[in-house]
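Single-structure report; data block below.
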Amino acid sequence: MVRRVTGLQRQVYSLYKRSLKMIASKPLETRPGWFAFVSHQFRHPTLGGGLRRKDVGAIEYYLRRGEKMLEQFQSTGAKSVSIPEGSEEWKQGWVAKGGKERLRS
């Protein structure tokens with residue numbers, strides 16, 4: 001059985017996908033830090049990682065906040081970023097490891 005996806009879930013998926021595309025536009029040596037930052041923003045419980053589907057107000061707030069952050073970080077002036085000390089580490093995706101550029105070399 002296919003689980004239905006709500007409009008808010010689609011917006012969150014879209015924001016995450018655009019965040020990964022933004023990481024791919026950053027210099028190769030700073031991508032692991034960017035990926036850790038994006039993972040931290042989406043998964044950490046105090047930043048919206050533990051929200052239930054029915055917390056519509058909170059989800060909308062974090063979507064607006066994420067859109068603003070993405071807009072700021074997409075600029076060419078943002079070179080690198082870091083997460084707070086003691087934060088949980090998540091497995092890095094292929095974009096952070098170099099993506100298509102790493103495969104070519």
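The values are calculated or read from the model by the stated rules, or taken from the named source; none is laboratory data. What you see is a predicted model, and the numbers here were worked out from it, not measured in a lab. With ideal geometry, Cβ positions are generated from the backbone for all residues, glycine too; neighbour counts draw on all protein chains shown.
Here Ser80 meets each of (1) modelled with pLDDT of 85 or more; (2) over 20 Å from Arg10 (Cα atoms); (3) exposed (fewer than 15 other Cβ atoms within 10 Å of the Cβ) with one exception, condition (1). Scanning segment 43-53 for residues being in a helix (DSSP H, G or I), closer than 19 Å to Ser14 by Cβ and out of contact with any helix residue (DSSP H, G or I) (no Cβ under 6 Å at 6 or more places or on another chain) gives a total of 1. Being farther than 21 Å from Ser80 by Cβ, at pLDDT below 90 and surrounded by 14 or more Cβ atoms within 10 Å (Cβ to Cβ) holds for only one residue in Gly33, Gly49, and it is Gly49.
The set of residues in segment 54-68 that are surrounded by 12 or more Cβ atoms within 10 Å (Cβ to Cβ), in a helix (DSSP H, G or I) and not aliphatic (A, V, I, L, M) comprises Glu60, Tyr61, Tyr62, Arg65, Gly66, Glu67. When segment 3-30 is filtered for residues that are free of Cβ contacts under 8 Å to residues at least 40 places away in the same chain, loosely packed, with under 14 Cβ neighbours inside 10 Å and assigned to a helix (DSSP H, G or I), the ones remaining, listed by number, are Gly7, Arg10, Tyr13, Ser14, Lys17, Lys21, Glu29.
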